[in-house]
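Notes follow once the structure below has been shown.
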Amino acid sequence: MADHVYKLVELVGSSSQSLDDAIRNAIETASKTLRHVEWFEVVSTRGHVVDGTVAHFQVTLKVGFRLEA
């Protein structure tokens with residue numbers, strides 16, 4: 001197995017549906033411009049409340065992608 005070097009970027013994904021959708025939105029969008037996205041770590045979660053109900057979810061992620069040699 002070859003040794004790899006990774007770069008980290010921090011992203012914030014959002015969704016009006018769920019935390020899962022917020023994560024997927026961030027990863028899928030980042031994957032359009034970053035190659036070799038291989039892992040993520042959830043750093044924090046937040047939400048927006050309107051009239052006593054959850055209106056929006058936000059998730060901050062650290063995303064790791066492998067650098068090309």
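The values are calculated or read from the model by the stated rules, or taken from the named source; none is laboratory data. Because the structure is predicted, anything quoted here is derived from the model rather than measured. Every residue, glycine as well, gets a Cβ built from its backbone with ideal geometry; the counts of neighbours run over all protein chains shown. The accessibility values were calculated without ligands, DNA or RNA, using every heavy atom of the protein model including side chains. Shrake-Rupley method; radii C 1.70, N 1.55, O 1.52, S 1.80 Å.
Please find, within the range 17-28, the residue that is nearest to GLU68 (Cα to Cα) out of those that are open to solvent by 100 Å² or more (accessible area, probe 1.4 Å) and outside any loop (DSSP other than H, G, I, E, B). I'd like the intermediate steps shown before the answer.
Step one: list which residues in the range 17-28 are open to solvent by 100 Å² or more (accessible area, probe 1.4 Å), which gives 17, 24, 28.
Within this subset, residues satisfying the condition of being outside any loop (DSSP other than H, G, I, E, B) are 24, 28.
Working: ARG24: 24, GLU28: 20 Å.
That would be GLU28.
In the range 29-44, which residues are closer than 18 Å to SER14 by Cβ and open to solvent by less than 80 Å² (accessible area, probe 1.4 Å)?
The answer is ALA30, SER31, VAL42, VAL43, SER44.
Of the residues SER44, SER16, which is polar (S, T, N, Q) and within 13 Å of the chain's Cα centre (by Cα)?
Unique residue meeting the criteria: SER44.
When LYS62 is evaluated against the numbered criteria (1) loosely packed, with under 11 Cβ neighbours inside 10 Å; (2) not in a loop (DSSP other than H, G, I, E, B), which criterion, by number, is the only one it fails?
The number of the failed condition is (1).
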